[in-house]
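Enquirer: I have a structure here, written as structure tokens, and I will follow up with some questions on it.
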């Protein structure tokens with residue numbers, strides 16, 4: 001008989017991470033790099049220019065020593081990483097309230113704290129939902145407050161011993177666009193590699209195809225969830241450049257893979273916009289809602 005593993009919450013009895021403060025000068029380099037990644041004119045170039053919504057993800061990055069990475073490429077230890085055995089991690093979604101945009105080239109402060117920890121049961125077993133809260137300050141004022149929901153599970157020890165996934169990724173079928181705002185993208189391994197480097201993300205599912213198939217059961221390289229969120233918000237920046245985003249909510253629902261054609265779609269309405277990412281397989285891989293000031 002197989003013994004029932006202890007609940008994930010049993011590993012958290014002494015886990016109580018305290019708030020952490022980080023600083024960043026918000027230099028122009030990451031913005032220039034992200035602009036080239038998306039084939040855009042540079043989004044912001046001089047000190048005082050506004051950062052587009054969610055582009056603060058290019059800053060306050062943490063680069064652990066190589067020896068501190070686990071087999072999956074994620075850090076083995078981290079202040080806000082729950083001490084779970086065989087830990088697997090993915091971003092489920094988040095929220096952001098923007099009082100005023102962050103400004104390029106000006107010192108900024110980020111206060112990160114643990115907002116909530118909730119255990120749930122899903123189709124793959126027990127899941128742990130950890131919500132981190134991040135408040136960003138500049139010029140002595142809180143400019144935006146973000147909450148990000150991260151899902152953790154404890155992978156079975158035999159995960160890497162199963163047969164490789166043989167399902168092929170369909171790179172020829174186009175999705176059906178839905179909405180007046182549309183932005184297509186055909187992500188390839190090079191784009192995913194560059195985005196990983198730009199966001200200090202060493203998770204191997206984004207650049208190591210054999211690992212993604214054999215160890216985590218995906219049919220190919222996984223497109224980053226944050227890239228999908230940024231792509232949805234890019235619709236707003238391109239189609240309503242004069243509107244200031246006040247709140248945004250996003251949810252990452254289904255993974256999609258390098259080589260698939262995707263399209264970001266938006267439906268503007270009075271004071272808000274609904275956004276989503278579609279492929280031929282799934283009309284709602286990711287969804288978001290934006291309200292304007």
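All of the numbers you see were taken from the coordinates with simple rules; none came from a lab. What you see is a predicted model, and the numbers here were worked out from it, not measured in a lab. When we count neighbours, we look across all protein chains shown, and the Cβ atoms used for this are built from the backbone with ideal geometry, even at glycine.
Enquirer: Using a/c under 1.5 as the rounded threshold, could you call the range 1-118 rounded, prolate or oblate? The axes a ≥ b ≥ c are square roots of the C-alpha gyration tensor eigenvalues, and prolate needs a/b larger than b/c, oblate otherwise.
Expert: It comes out prolate by the Cα gyration axes.
Enquirer: Based on other C-beta atoms within 10 Å, arrange 265, 143 from fewest to most.
Expert: Details: 265 24, 143 20.
Lowest count first: 143, 265.
Enquirer: Relative to a virtual label point 7 Å from the Cα of residue 200 in the Cα→beta-carbon direction, which members of the range 57-95 show backbone nitrogen distances below 15 Å?
Expert: 57-69, 74-81
Enquirer: I need 96, 246 ordered by Cβ neighbour count within 10 Å, fewest first. Don't jump to the answer; show the numbers that get you there.
Expert: Values: 96 23, 246 16.
Listing 96, 246 from fewest to most nearby Cβ atoms yields 246, 96.
Enquirer: Only helical DSSP H runs with n ≥ 4 go in: add -39500 (n - 2.57) per run for the chain, normalise by residue count and round the 222 nm mean residue ellipticity to 500 deg cm²/dmol.
Expert: Numbers: 4 runs with 40 residues, N = 293.
Computed mean residue ellipticity for the chain: -4000 deg cm²/dmol.
Enquirer: Stretched out fully, how many nm does the piece from residue 270 to residue 12 gain, at 0.36 nm a residue minus the Cα gap?
Expert: Length difference between fully extended and current span is 88.4 nm.
Enquirer: Now, a different point. Using a Gaussian network model of the chain whose springs link C-alpha atoms within less than 10 Å, name the residue from 248, 69, 191 with the highest mean-square fluctuation.
Expert: So, out of 248, 69, 191, the one fluctuating most is 69.
Enquirer: Right, something else. How much length is gained on full extension from residue 168 to residue 63, taking 0.36 nm per residue of separation minus their Cα-Cα distance?
Expert: Gain on extension, residue 168 to residue 63, equals 34.5 nm.
Enquirer: Something else about it: Would the range 162-266 count as rounded, prolate or oblate if I go by the C-alpha gyration tensor, calling it rounded below 1.5 in a/c and otherwise prolate when a/b exceeds b/c, oblate otherwise?
Expert: Prolate, because a/c is 1.5 or more and a/b exceeds b/c.
Enquirer: I want to verify a result. In a Gaussian network model of the chain, Cα cutoff 10 Å, which of these has the top mean-square fluctuation: 200, 240, 167?
Expert: Comparing 200, 240, 167 in the GNM, the peak value goes to 167.
Enquirer: Please arrange 113, 123 by how many other C-beta atoms lie within 10 Å of their C-beta, fewest to most.
Expert: Final ranking by Cβ density, sparse to dense: 123, 113.
Enquirer: In addition: Looking at the square roots a ≥ b ≥ c of the eigenvalues of the Cα gyration tensor of the chain, which shape do they give, rounded for a/c under 1.5, prolate if a/b is larger than b/c, or oblate?
Expert: Note, shape of the chain comes out oblate.
Enquirer: Return the whole-Å distance between the Cα centroid of the range 110-138 and the Cα centroid of the range 234-259.
Expert: 21 Å
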